[in-house]
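Undergrad: One structure coming up, written as structure tokens, with questions to follow.
The values are calculated or read from the model by the stated rules, or taken from the named source; none is laboratory data. Predicted model only: the values in this text are computed from it and were never measured. Here the Cβ positions follow ideal geometry from the backbone for every residue, glycine too, while neighbour counts run over all protein chains shown.
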Amino acid sequence: MSALALADVGANEPVEVKLKFDRRSSPRIPADGFAMIAFGDQTDHVLIPVMLRDISHGGLGVDAHRAVEPGTPFVMYANGAPCPHHQGEVARCVSQGGKSFRLGLCTTPLLAA
């Protein structure tokens, strides 16, 4: 699935979840692609490239090259777009053998200005 297909969440098959229990209330859909995420607030943030793994109506699963503290706010930019695609906060961060980190991101609706 490309990053362009992120809006078409209902058209794909759910991802088989390997967690003991799934924290999301809606099915996970596989995602494949890259995005840039600004972690932190508007005055103090770090921009990190991530690989998209899955998406649902309430969140995203991504892989990042560094750990991010749960509770950290984020804004995600996909396809090089100047406007954000998603915002929310980090729900969990799990090491994947020390080389990468799986981040669970809880999304909140973007509101027009």
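Undergrad: Provide a single number: the residues in segment 72-108 that are of a type in the set (A, V, I, L, M) and not in a strand (DSSP E or B).
TA: 1
Undergrad: Of the residues that sit in segment 30-72 and are of a type in the set (V, I, T) and modelled with pLDDT of 90 or more, which one is surrounded by the fewest Cβ atoms within 10 Å (Cβ to Cβ)?
TA: V46
Undergrad: Taking into account only those residues within segment 73-83 that are of a type outside the set (G, A, S) and surrounded by fewer than 15 Cβ atoms within 10 Å (Cβ to Cβ), which is modelled with the highest pLDDT?
TA: Filtering segment 73-83 for residues of a type outside the set (G, A, S) gives 73-77, 79, 82-83.
Those still in the list that are surrounded by fewer than 15 Cβ atoms within 10 Å (Cβ to Cβ) too: 79, 82-83.
On the way: N79: 74, P82: 75, C83: 78.
Looking at residues that are of a type outside the set (G, A, S) and surrounded by fewer than 15 Cβ atoms within 10 Å (Cβ to Cβ), I get C83.
Undergrad: Among all residue pairs at least 6 apart or on different chains, which show Cβ distances below 6 Å where the first residue, located in segment 77-88, is free of Cβ contacts under 8 Å to residues at least 24 places away in the same chain and the second is surrounded by 17 or more Cβ atoms within 10 Å (Cβ to Cβ) and not in a loop (DSSP other than H, G, I, E, B)?
TA: Listed by first residue and then by second, the contacts come to Q87/V75.
Undergrad: In addition: Which numbered condition in (1) free of Cβ contacts under 8 Å to residues at least 12 places away in the same chain; (2) in contact with a strand residue (DSSP E or B) (Cβ under 6 Å, 6 or more places away or on another chain); (3) not charged (D, E, K, R) is the only one that L60 fails?
TA: It fails just one condition, (1).
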